[in-house]
Amino acid sequence: MSTPIRTVISPGRYVQGKGAMTHLGGYVKQIGTTALLVADDFVWGVVGDQVASDFGENGISFERVGFGRFATPAAVDALVEKITAGGVDVIVGLGGGSAIDAAKSAGHLAGIRWVSVPTVASTDAPTSALAVIYTEEGEFIEYRFFPHNPDLVLIDSQLVANAPVAFLVAGIGDALATWLEARATSRSNSLTMAGGQPTQTGTALAKLSWDIIHENAFSALDAVRDHLVTPALENLIEANTLLSGLGFESGGLAAAHAIHNGLTAAPQTHGLAHGQKVNIGSIAQLVLEGAPREEIEDFVVFTTKVGLPNTLTEIGLSIDDDAELRAVAEAACLPSDTIHNMPFEVTPELVVDALKAIERLSRSIRAEKGLAEPVLYHAPH
């Protein structure tokens, strides 16, 4: 039997800070000279003039193309055609996780370099060597894996502070799962997204993300409500983006993200942020593990105070939605998904029971701690 391979992967450079966007051209110039910028109209309205001026000063020619809501196969293929027709040597994804994932996917297929420029700290997607591909309706299709991470990840903390606080809350939900899933992957010695077994480094970075979030989340959220950049916000951005990104990719995914992928198939959850659905996966994973009551209580209290869902009600479902919950569980347990990194066998039946269990469990903890009752989520139509 061959010796297990352990590996860590990471972006070529990570840049974060207030006003970092003014340095984008200087960093991109080290990577390419003809750029395709992928950004929706809203994001371009916020940063377009600044980026255009900065790229001009650095001698970078560019074209900006708009972007829809999801990284779909068709959206990626359209970007590849743009790259091929325009002699582009670097693609820059500006905005949220899907725009960045589409840019990464197109850059890989076209054989050029790629850059991630998140304008919110809502997911850990920007740093990774993978993309999540969805249907036009937002249902999960597949992970696409690439041979390397972005050449550059740049995030301007002031843009994060200027964005609605809901984006940062979603990022916390995505990042909290990182330690829970890396811990499970370490226990089972399963393979990570990096293509090997987890290293001590990957697992430790996942735990560091968890610790920094718990220390800084509430102060950082208050700062964003006033559009201020504080040390607490800088710490939380790094935890949500860099540490969670490195931690999930080189530490391992498990049940939480697999259950998220399953939840995208339930129409009742459409419109919810990635991190909101991941948080349901996290609490369900804790139930699957038989985690200590104190750990589950702490998780429910913390996520309720942050503003994340931890009941079915808050994602538009109920314990009576047997057909939908069964479909979610079967999708989460597909042979290709990461739920099989858990240190025990997980079946759709176990997932359904865990999802149903979180309703009464979270409600009782919230009532005991004097926290708000769940509010029913209504998906937009």
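Express in nm, to one decimal, how much length is gained between SER219 and GLU81 on full extension, taking 0.36 nm for each residue of separation and deducting their alpha carbon distance.
Stretched out fully, the SER219 to GLU81 stretch lengthens by 45.2 nm.
Could you let me know the centre-to-centre spacing of the range 318-347 and the range 211-240, using Cα atoms, in angstrom?
Distance between centres, Cα-based: 33 Å.
What is the magnitude of the charge dipole of the range 14-161 about its Cα centre, with +1 placed on the Cβ of each Lys and Arg, -1 on the Cβ of each Asp and Glu, and no other charges, expressed in debye to the nearest 20?
360 debye
Would you calculate the separation in nanometres between label points at ASN162 and SER61, each defined as 7 Å from the Cα along the Cα-to-beta-carbon direction?
Rounded to a tenth, the inter-label distance reads 2.9 nm.
By DSSP, what percent of the beta bridges with both residues in the chain are antiparallel, rounded to the nearest 5?
Antiparallel: roughly 20 percent of the beta bridges in the chain.
Quick one: putting +1 on the C-beta of Lys and Arg, -1 on the C-beta of Asp and Glu, what dipole do you get for the range 58-102 around its Cα centre, in Debye to the nearest 20?
160 debye
Can you find, among ALA74, LEU159, VAL132, the residue sitting farthest towards the positive end of the charge dipole of the range 14-161, where Lys and Arg contribute +1 and Asp and Glu -1 at Cβ?
With unit charges placed on the Cβ atoms, the residue in question is LEU159.
Which one of PRO126, PRO164, PRO348 has the biggest mean-square fluctuation once the chain is modelled by GNM with Cα springs under 10 Å?
Taking springs between Cα atoms under 10 Å, the residue moving most is PRO164.
Where nothing but the Cβ of Lys and Arg (+1) and of Asp and Glu (-1) is charged, how large is the charge dipole of the chain around its Cα centre, in debye to the nearest 20? Intermediate values should be presented prior to the final figure.
Numbers: 23 positive and 44 negative charges, 142 e Å.
That gives the chain a dipole magnitude of about 680 debye.
Give or take rounding to whole Å, what are the principal axis extents of the alpha carbon atoms in the range 164-368, in descending order?
45, 40, 31
Based on DSSP, what percent of beta bridges with both residues in the range 1-155 are antiparallel, to the nearest 5? Present the calculation step by step, with values, prior to reporting the outcome.
Values: 5 of 25 bridges.
Around 20 percent of the beta bridges assigned by DSSP in the range 1-155 are antiparallel ones.
Determine which residues of the range 273-291 fall in the zone a paramagnetic label at ALA357 would reach in this model, i.e. backbone nitrogen under 11 Å from the point 7 Å along Cα→Cβ.
284-291
Taking N as the number of residues in the chain, what value does Rg over Cα atoms divided by 2.2 N^0.38 Å take?
0.95
Please give the FRET efficiency for ILE5 paired with ILE319, using the beta carbon to beta carbon distance and R0 = 41 Å, rounded to the nearest 0.05.
The calculated FRET efficiency here is 0.45.
Pairs of Cα atoms under 8 Å, at least six residues apart: use those to get the relative contact order of the range 14-161, whole percent.
28 percent
Find the centroid of the Cα atoms in the range 22-71 and in the range 252-267, then give the distance between the two in whole Å.
Result: 32 Å between the Cα centres.
Which three extents, in angstrom, do the Cα atoms of the range 107-193 have along their principal axes, listed largest first?
Principal axes ranked by extent give 40, 35, 29 Å for the Cα atoms.
If I build a Gaussian network model for the chain, linking alpha-carbon pairs within less than 10 angstrom, which residue out of ILE60, ILE100, ILE155 has the largest mean-square fluctuation?
Greatest mean-square fluctuation among the candidates belongs to ILE60.
Would you calculate a helix-derived [θ] at 222 nm for the chain, using -39,500 (n - 2.57) for each DSSP H run of n ≥ 4 and dividing by the full residue count, to the nearest 500?
Numbers: 14 runs with 193 residues, N = 381.
Rounded to the nearest 500, it is -16500 deg cm²/dmol.
Can you put LEU154, LEU376 in order of Cβ neighbours within 10 angstrom, beginning with the fewest?
LEU376, LEU154
For the range 142-184, list residues with backbone N below 16 Å from a point placed 7 Å from the Cα of THR201 toward its Cβ?
Inside the label zone: 148-150.
Taking every pair of Cα atoms in the range 5-135, average 1/r, invert it to obtain the Kirkwood radius, and report Rg/Rh to two decimals.
Checking Rg against Rh, the ratio lands at 0.94.
No value in this document is a laboratory result; all are computed from the given coordinates. Everything numeric here is computed off the predicted structure, so don't read it as measured data. We place every Cβ from the backbone using ideal geometry, glycine too, and count neighbours over all the protein chains shown.
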